[in-house]
Amino acid sequence: MIALVLAAGLGTRFRPATLATPKPLLPLAGRPMLFHLLDHLLSQGADRFVLNAHHLAETLRAAVGEAYGGIPVAWSFEDPILGTAGALRRAAERGLLGDDSFVVANGDLLTTLPLGHLLHARQEEGVVSALAVLPNGRPEVDTPLWADARGRLVAVGGPKPKEAATGPWLFTGIQSARREILDRIPPGVSELARDVLVPSAAERDGAFALVPYRTPEDGLWFDLGTPERLAAAEAAVRSS
């Protein structure tokens, strides 16, 4: 299982700390937040890592190295930064993602959610990528995703579609994709939601499966994108 970890972000919300330290290396319970994610992916069967990098890329590379947990790490450097979809295209163009499927995870996550359901859903007929989602308790803040009765994406953002739909769902930043997703990513800078999911939902092509999880029943999940969220994750880790 190839795991692509998106670690190229600028970390602007953590400045001034991220002026000298890449955001994925900020500490969480005494270790870089990135290491917690890599450990979880290892536990779920990852046998190769690909990391993209932009901001303080060499500092990040020096900290992680060319192997982690006994498995190889390949690097996909970006200049300029290419976004949450453009990163996949660039890594594939460099021959780093193999010929079949791969897992993608945002580098600023803490999670213990098992990936089995996600990997299974990716194999369903017509699915280009399976997205791990959680119930979205703040759809006015966090872009809601909506699914049809089969669990396939039908809308990104906005109110609940008029037809029967489930949601609102929150994308966790974790997906299991087939190589066919690359055909949907435009060259250059591109974002997963804007440039890939929105067109798919508009066409109702059923290419993206939403795989629901629940926390804490299924495991932990924290978005570490702000100092406040990082502090909440720190408290949860230490209490457990």
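Of the solvent-accessible surface of the chain, computed with a 1.4 Å probe over protein heavy atoms with every protein chain present, carbon and sulfur atoms account for 54 percent.
In region 152-240, inverting the average of 1/r over every pair of distinct C-alpha atoms gives 15.5 Å as the Kirkwood radius. From the alpha carbon centroid of region 27-72 to that of region 131-202 is 27 Å.
Ellipsoid semi-axes for region 21-116, based on the Cα gyration tensor and the rule √(5λ), read 19, 18, 12 Å when sorted largest first. Here the chain is assigned +1 on the Cβ of each Lys and Arg and -1 on the Cβ of each Asp and Glu. Its dipole about the Cα centre then comes out at about 340 debye. Modelled label positions at ASP99 and ASP218, each set 7 Å beyond Cα in the direction of Cβ, lie 3.2 nm from each other.
Among beta bridges from DSSP that stay inside the chain, the antiparallel ones total about 55%. Candidates ALA17, LEU42, TYR68 compared by Cα position along the dipole of region 2-106: farthest toward the positive end lies ALA17, with charges placed on Cβ. Placing unit charges on each Cβ (+1 for Lys and Arg, -1 for Asp and Glu) gives the chain a dipole about its Cα centre, and among GLY116, PRO216, PHE77 the Cα reaching farthest toward its positive end belongs to PRO216.
Once the Kirkwood radius over Cα pairs is known for the chain, the Stokes-Einstein relation at 20 °C and 1.002 mPa s delivers a diffusion coefficient of 118 µm²/s.
Report summary: the helix-based calculation at 222 nm, which adds -39500 (n - 2.57) for every DSSP H run with n ≥ 4 and divides by the residues of the chain, gives -6500 deg cm²/dmol. Rolling a 1.4 Å probe across the protein heavy atoms gives region 1-153 an accessible surface of 41 Å² per residue.
The values are calculated or read from the model by the stated rules, or taken from the named source; none is laboratory data. What you are looking at is a predicted structure, and each value in this text was computed from that prediction instead of being measured. Methodologically, a virtual Cβ is constructed for each residue, glycine included, from the backbone with ideal geometry; neighbour enumeration extends over all protein chains shown. Ligands, DNA and RNA are excluded from the accessible area calculation, which covers all protein heavy atoms including side chains. Shrake-Rupley method; radii C 1.70, N 1.55, O 1.52, S 1.80 Å.
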